[in-house]
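Reviewing the structure listed below.
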Amino acid sequence: MADGEDFYQILGVPRDASQEDIQRAYRKLARTYHPDVNHDPGAEDRFKEASEAYDVLSDPETRRRYDAFGRDFRQVPEGVDPETWRRAQAGAGARAGAGAGAGAGPGGFSFSEGDIDLDDLLGGLFGSRFGGRGSRRGWGPIPGADQEAEIELTVEEAYRGGRRSVTLSSDGTRRSFDVTIPAGVTDGQRIRLAGQGGRGSDGARNGDLYLIVRIAPHPRYRLDGRDLYVELRLAPWEAALGTSVALDTPGGEVKVKVPGGTSSGRRIRLAGRGLPNPKGKAGDLYAEARIMVPSRLSRAERRLFEQLAAESNFDPRKQR
C-alpha cells in the first residue's frame, strides 16, 4: 500500500460511500487486476490491496473501527475512545527522542520520569479499564494485539470447506492449528481464531489471529467473487445443433444444455452453482463455450466438411 493511500483510496470511493458502491468498486477492480486475467507484474499486488480494502470496508463494524483508528485499528483494544487514542498517539510522538532516563512502554509509547501522568492522558486505557489504576511506573494488564497470516486454498477447498491443519512460524517458534474452513470462503476473506494472536500481559485477554484467505490459481476454474467460470469445450456440430454436455464442477458433475447456434465465447449460466454463501445467495457458474476442431481429419470427416462448405452460405466474418 502506498504511503498515505487508505482503503477508500484503493477502491476509489469516498468515505461516505454506500455498501453497494463499495462492492461495485471492488468487483470492477477484481475483474481488472485478477492474476488470472491480468499478467502485469503489479496486477497481483493491486488485486491483494483491493481485496484487503474490501474485506475491511464491507463489514460495517470493521469499517467503523477503521474510520475511527485508521490502519492501526486491529491493534486498538475494544472500547477505546478514538479521541483518547489520537491524543495518546500524539503524545507519544511528541515525546519520541527524549534524553537519558527515557523508556518505552507498550505499543511504542515513550515517556520519561517527570512527564505528564499517562493515566490522565489515556483516560485509564492501560489502567482502570484493565484492572487497577495505571501510573507512570505501572501500565497494568494490556490485551494482546491481533495478528494476521495468509492461508492458501484451492478452489475445491474454498467451495467445500472443511478442516485444515495450519502451521505458522514466528520469532523462532512454530504453532499448529486445526482450522475450520467455512464452505464458500472467498479470496481476501478473514477467518478468525479467537485468542490465538498476541499474548496479553498480567492476565489480560490474548489478541485474535486472522487468517486471510488466498485462493490459488486453478488450471480449469476462474473465480470472480462467488461466481465460478469454467471452459466448456464443444465439437462444431454440438455447437451448431445444440446438445447436453456433462461438466465437472467443484460441487460435482452437472448437465449443461447447449442451445443450437452457440459460438465460442458464449456464456451459459447455471444459477446458484458457484461458491455457496452461508449468509445469502450462492454465486453462479458460467460455462464458457469454446469450439474445438479435430487436428487431423479422417477421409470421411474431410468429405463431410467439404460438402458442408459447398452447401453453406454462412460467413462468420460478416456476422456481428
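Over region 137-246, the ratio between the Cα radius of gyration and 2.2 N^0.38 Å evaluates to 1.63. For the pair Glu78 and Ala309, label points projected 7 Å from Cα toward Cβ lie 7.3 nm apart. The number of Lys pairs in region 186-320 with C-alpha atoms less than 29 Å apart, excluding pairs fewer than 8 positions apart on the same chain, is 4.
How much net charge surrounds Glu238 when only the other residues with a Cβ under 13 Å from the Cβ of Glu238 are counted, with Lys and Arg +1 and Asp and Glu -1? Residues close to Glu238 contribute a combined charge of +4. Using the Stokes-Einstein relation with a Kirkwood hydrodynamic radius computed over Cα pairs, the translational diffusion coefficient of region 182-320 at 20 °C and a viscosity of 1.002 mPa s comes to 113 µm²/s. With the convex hull drawn over the C-alpha atoms of region 259-320, the volume per residue is 128 Å³. Taking Cα centre as origin and charging only the Cβ of basic (Lys, Arg, +1) and acidic (Asp, Glu, -1) residues, the dipole magnitude of region 212-320 rounds to 240 debye. Neighbours of Asp208, meaning other residues whose beta-carbon lies under 15 angstrom from its beta-carbon, give a summed charge of +1 when Lys and Arg score +1 and Asp and Glu score -1.
Which value, in Å², gives the accessible area per residue of region 186-289 when a 1.4 Å probe is used on the protein heavy atoms?
Heavy-atom SASA per residue in region 186-289 reads 50 Å².
Comparing Phe305, Gly242, Val185 along the charge dipole axis of region 176-320, the residue lying farthest to the positive side is Phe305, per the Cβ-charge model.
Heavy-atom surface analysis with a 1.4 Å probe gives region 206-320 a carbon and sulfur content of 48 percent of its accessible area. Accessible surface computed residue by residue for region 23-82, with neighbouring protein chains in place and a 1.4 Å probe, gives 54 Å² per residue.
The distance between label points at Val293 and Glu148 comes to 5.0 nm (points 7 Å beyond Cα on the Cα→Cβ vector).
The values are calculated or read from the model by the stated rules, or taken from the named source; none is laboratory data. Note that the coordinates shown come from a computational prediction; the quantities given were computed from them, not determined experimentally. Cβ sites come from the backbone with ideal geometry, for glycine too, and all protein chains shown count toward neighbours. Heads up: the accessible areas ignore ligands, DNA and RNA and are worked out on the full protein's heavy atoms, side chains in. Shrake-Rupley method; radii C 1.70, N 1.55, O 1.52, S 1.80 Å.
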